[in-house]
Amino acid sequence: RAGASRRMGAPKLLLDLGGQPLIARCIAALRAFGPADVLVVIRPGDSELRRAVEEAGAQALEPPLPPAEMRNS
């Protein structure tokens, strides 16, 4: 499935980049443009990514079933 980080060997969004998970840097970059709420669609049961998203001040949205492709989310 697309976006599963199979080739990377680890979840890309949780990789450390300058002392922060990549997802936290992405959320901060979005916030710099002014949106009050940042929503991130995560795979069902991905508690580690949910924690990182929430710690970065965004809201994690978890669909009941994983999207077939990343673009479907």
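How many residues are at pLDDT 90 or above and either on the phi > 0 side of the Ramachandran plot or surrounded by 14 or more Cβ atoms within 10 Å (Cβ to Cβ) (or both) when one looks only at the stretch 46-67?
10
Of everything in the stretch 32-44 that's open to solvent by 60 Å² or more (accessible area, probe 1.4 Å) and modelled with pLDDT of 90 or more, which residue is nearest to the chain's Cα centre (by Cα)?
VAL41
The values are calculated or read from the model by the stated rules, or taken from the named source; none is laboratory data. What you see is a predicted model; the values in this text were computed from it and never measured. Using ideal geometry, Cβ is built from the backbone for each residue, glycine included, and neighbour counts are taken over all protein chains shown. Keep in mind that these areas ignore ligands, DNA and RNA; they rest on the heavy atoms of the full protein, side chains included. Shrake-Rupley method; radii C 1.70, N 1.55, O 1.52, S 1.80 Å.
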